[in-house]
1. Among the residues of the stretch 75-97, what is the count of those that are surrounded by 15 or more Cβ atoms within 10 Å (Cβ to Cβ) and either under 21 Å from residue 10 (Cα atoms) or touching a strand residue (DSSP E or B) at 6+ places or on another chain (Cβ under 6 Å) (or both)?
2. Can you name the number of the only condition in (1) under 24 Å from the mean Cα position of the chain (by Cα); (2) surrounded by fewer than 10 Cβ atoms within 10 Å (Cβ to Cβ) that residue 100 fails?
3. Name the residues in the stretch 53-74 that are within 22 Å of the chain's Cα centre (by Cα) and surrounded by fewer than 12 Cβ atoms within 10 Å (Cβ to Cβ), would you?
4. For residue 80, work out the one condition from (1) touching a residue at least 60 places away in the same chain (Cβ under 8 Å); (2) more than 30 Å from residue 133 (Cα to Cα) it doesn't fulfil.
5. Of these, 32, 57, 41, which one is in contact with a helix residue (DSSP H, G or I) (Cβ under 7 Å, 6 or more places away or on another chain) and assigned by TED's automatic domain parsing to the domain that holds residue 69?
């Protein structure tokens with residue numbers, strides 16, 4: 001295989017998705033490992049790795065990042081260009097869908113709620129939906 005191999009467009013597209021997934025996963029794992037524990041509203045990530053293991057993982061992730069970059073360059077994979085509004089719109093649509101499915105009516109497949117509980121749930125979720133609607 002030559003240094004500058006050109007793939008057909010369909011192969012470039014699927015390999016580009018693969019490369020983007022590798023890049024995003026490496027970014028996410030590096031952030032996690034460098035944070036040394038995360039405390040959020042809904043999630044706690046406890047530190048479990050020794051410093052030696054953490055450094056080994058970070059070194060391996062860096063090697064993965066470099067190999068991914070070499071692959072992208074070798075096969076001339078095009079860079080995906082997206083705009084902020086595309087990213088925000090897609091995230092808000094996903095969020096809106098999840099919120100609608102979290103209302104009493106949207107989650108009735110899990111069983112019926114008592115009317116008072118359903119009203120409280122809908123009020124809380126409804127507030128989130130209203131804010132998301134304002135963002136769109």
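1. 2
2. Here residue 100 clears every test but (2).
3. 63, 66, 67
4. With (1) touching a residue at least 60 places away in the same chain (Cβ under 8 Å); (2) more than 30 Å from residue 133 (Cα to Cα) applied to residue 80, the lone miss is (2).
5. 57 is the lone residue from the list that is in contact with a helix residue (DSSP H, G or I) (Cβ under 7 Å, 6 or more places away or on another chain) and assigned by TED's automatic domain parsing to the domain that holds residue 69.
The values are calculated or read from the model by the stated rules, or taken from the named source; none is laboratory data. Computed from a predicted structure; not experimentally measured. Virtual Cβ from ideal backbone geometry, glycine too; neighbours counted across all protein chains shown.
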